[in-house]
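First comes the structure, then the notes that go with it.
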Amino acid sequence: MYDIIVIGGGPAGASAAIFTAKAGKKTLVLENDQSVTKAAWLQNHYGAPDMGGPELLEVGKNQAEQFGAEFVRAEVSDLKNQGDASVKVETDQGSYEAQRVILATGNSAKLAEAVGIKTKAGTEPRIKVVVDTDEEGRTSMSNVWAAGVVAGASVHTIITAGDGASVAINVLSELNGERYVDHDMLKDKK
């Protein structure tokens, strides 16, 4: 069983996976390779040079994998709560189970709608439906959270990446029973 399964490997999903894997949580990212970021040209990412969306996706995936996150290419078809303890995720590649799931499915709320997670009208251009979450990112389904565009964040990749990180911090805090903080410090080079 995984600690956390992230559904979606775009900026929100990969960012969430970076934080959860770095925190030592067994993390699986289920990615269907449909991210709209693949078509993006990015000139507005703080601290990063201009780059294409495919490069950004690869950098995010590599960063998450460096901390131990696993990536599996799969199409998710169902989510089922296994009591209060976990969620079973059904895919075309088999089933997986985790204590928590983070939906980061970009501009598609189809999975959330199919499994009965509460949705609402989107506010971004061309985003008709988003998952209804609380301020922390929790959805109406126990142990399932949502981050990024599918949770109503702006479609800008830097914003969705930040939302993925924020939701991951909230999930980690819940799992650990105390507020999780991830601060790396420069070491004195003397």
Seminar exercise, completed: Selection over region 10-29 where residues are touching a Ser or Thr at 6+ places or on another chain (Cβ under 7 Å), of a type in the set (Gly, Ala, Ser) and more than 13 Å from Ile169 (Cα to Cα) yields a count of 1
Exercise. In region 159-173, is there at least one residue being under 19 Å from Val87 (Cβ atoms) and either assigned to a loop (DSSP other than H, G, I, E, B) or polar (S, T, N, Q) (or both)?
Worked result: yes
For this session: Among the residues of region 15-64, write down those that are touching a His at 6+ places or on another chain (Cβ under 9 Å) and free of Cβ contacts under 8 Å to residues at least 24 places away in the same chain.
Result: Met51
Exercise. When only residues in region 10-34 that are touching a helix residue (DSSP H, G or I) at 6+ places or on another chain (Cβ under 6 Å) and assigned to a loop (DSSP other than H, G, I, E, B) count, which is nearest to Glu97 (Cα to Cα)?
Worked result: Ala23
Problem set entry | Candidate set from region 68-93 (those that are surrounded by fewer than 16 Cβ atoms within 10 Å (Cβ to Cβ) and more than 19 Å from Glu31 (Cβ to Cβ)); member that is modelled with the highest pLDDT | Lys80
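Do we have Gly122 as buried (at least 16 other Cβ atoms within 10 Å of the Cβ), more than 11 Å from Leu30 (Cβ to Cβ), without any contact (Cβ under 8 Å) to a residue 40 or more places away in the chain and small (Gly, Ala, Ser) here?
Working: buried (at least 16 other Cβ atoms within 10 Å of the Cβ): yes; more than 11 Å from Leu30 (Cβ to Cβ): yes; without any contact (Cβ under 8 Å) to a residue 40 or more places away in the chain: yes; small (Gly, Ala, Ser): yes.
Against the criterion (buried (at least 16 other Cβ atoms within 10 Å of the Cβ), more than 11 Å from Leu30 (Cβ to Cβ), without any contact (Cβ under 8 Å) to a residue 40 or more places away in the chain and small (Gly, Ala, Ser)), Gly122 qualifies.
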Exercise. For region 74-88, which residues satisfy the criterion of being under 17 Å from the mean Cα position of the chain (by Cα), of a type in the set (D, E, K, R) and part of a loop (DSSP other than H, G, I, E, B)?
Worked result: Glu75
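The values are calculated or read from the model by the stated rules, or taken from the named source; none is laboratory data. Since the structure is predicted, the reported quantities are computational estimates derived from the model, not experimental observations. FYI the Cβ positions are ideal-geometry reconstructions off the backbone, even for glycines, and counts take in every protein chain you see.
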